[in-house]
Amino acid sequence: MAFPRTPTFRLDHCRALVTGGSRGIGFAAAIALASAGAEVWIMARQADQLHDAVKSAAAEGLRLNSVTLDITDTARVSEVLETLPDFDILVNSAGLARHQPFLEVSEANFDAVMALNLRATFFISQQVAQRMKMRQIAGSIIHISSQMGHVGGPERSVYCASKFALEGLTKTMALELGELGIRVNTLCPTFIVTELSRANLADAAFNRYVLDNIKLNRVGTLEDIMGPVVFLASPASALITGTSLMVDGGWTAT
């Protein structure tokens, strides 16, 4: 019998693209991939935030390449991707949340959330996957979804709709791309402390709601998603596709 060898979690000689990579979960994902040896490009709309992210990484001895781009502009995405190298890893972290009671949701908010969380993710994934196919790259595509792609939440009808749709997209992508060796999965965090979430989590009632649902009785940190991102990108998850990695502290266990 052949002696089993533990697969590597290293990403040396891999190139990764992270959308929404200038801050929050996207930035943490980029740092995790770079720390594991990947050459990483981060993509976001705000040049100043990208500059700060690159500078912050450099201070820790890590290199990030930056691309200023609004990924909802699919024609421009296509043009920019032609100027970039082929990627082994795509992490779709760009996302938007506009929470309102269902009866008050505006068309503008619905369209904005769906345009970024679903449409933009769909088409940048399509374009990166096309290049993976062309170059015969057995790559990994990781969508940053949410526990809210598996459960409902008050005032989150649009956000939940976008993430449930992303979960369905992931399964179909996995079915169609599997024969090419391209794996597609979602990473589904619970509430993570970021610049954007701090204000909500500071509200005592909301914080209590969150902690009542997280079985580990704490909110998530950026560090909590870094290991899972590397795992899904690496050979250590070589037989994993079309599924969701829950990083939710047990929220969806019930």
- Along the range 94-104, Karplus-curve 3J(HN,Hα) (6.51, -1.76, 1.60; θ = phi - 60°) to the nearest Hz, with x for Gly and Pro, reads 4, x, 9, 10, 10, 8, 8, x, 3, 6, 10
- Note on the structure: Honestly the range 158-234 on the Cα gyration tensor test (a ≥ b ≥ c root eigenvalues; a/c under 1.5 rounded, otherwise a/b vs b/c for prolate or oblate) is just prolate
- Task: Mind listing the long-range amide H neighbours of Asp248? Cut-off is under 5 Å, sequence gap 5 or more, other chains count too, H placed in the peptide plane at 1.01 Å from N.
- Result: Thr190
- Task: Report, to two decimal places, the Cα Rg of the range 15-253 normalised by 2.2 N^0.38 Å (N = number of residues).
- Result: 0.97
- Going by alpha carbons, how many degrees (0 to 90, nearest 10) lie between the helix axis of 47-59 and the longest principal axis of the chain? 60
- So what is the relative contact order for the chain, in percent, with contacts set as C-alpha pairs under 8 Å and at least six apart? 20
- Item | Sorted peptide list for 50-57, 101-108, 87-94, 228-235, criterion being average Cβ within 10 angstrom, highest first | 87-94, 228-235, 50-57, 101-108
- Task: Would you mind computing, in nm to one decimal, how far apart the modelled labels at Ala199 and His99 are, each placed 7 Å from Cα along Cα→Cβ?
- Result: 1.2
- Task: In whole Hz, with x marking every Gly and Pro, tabulate ³J(HN,Hα) for the range 109-122 from phi via Karplus 6.51 cos²θ - 1.76 cosθ + 1.60, θ = phi - 60°.
- Result: 5, 4, 5, 5, 5, 5, 4, 8, 5, 10, 4, 5, 4, 4
- Taking every alpha carbon pair in the range 1-100 and sorting the distances into 5 angstrom bins from 0 up to the bin holding the longest one, the percent per bin comes out as 3, 13, 22, 23, 17, 9, 5, 4, 3, 2, 1, 0
- Message: Through the Karplus equation 6.51 cos²θ - 1.76 cosθ + 1.60, θ set to phi - 60°, convert the phi angles of the range 6-13 into ³J(HN,Hα) values in whole Hz; use x for Gly and Pro.
- Response: 5, x, 7, 9, 6, 10, 4, 6
- Would you mind checking the tilt of helix 222-233 against the longest principal axis of the Cα atoms of the chain, expressed as 0 to 90 degrees and rounded to 10? 40
- Non-local residues with an amide H under 5 Å from the amide H of Trp41, with H modelled 1.01 Å from N and Pro and chain starts lacking one, are Ala16, Leu17, Val18, Asn65
- To the nearest Å, what is the center-to-center distance of the range 46-84 and the range 143-207, using C-alpha atoms only? 23
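Rounded to the nearest 20 debye, what is the charge dipole size of the chain about its Cα centre when +1 sits on each Lys and Arg Cβ and -1 on each Asp and Glu Cβ?
Values: 21 positive and 24 negative charges, 98 e Å.
That gives the chain a dipole magnitude of about 480 debye.
Every number in this text was worked out from the coordinates using simple rules, so none of it is lab data. As the structure is a prediction and not an experimental result, all values here were calculated from the model. Please note: Cβ atoms are built from the backbone with ideal geometry, for glycine as well, and neighbour counts cover all protein chains shown.
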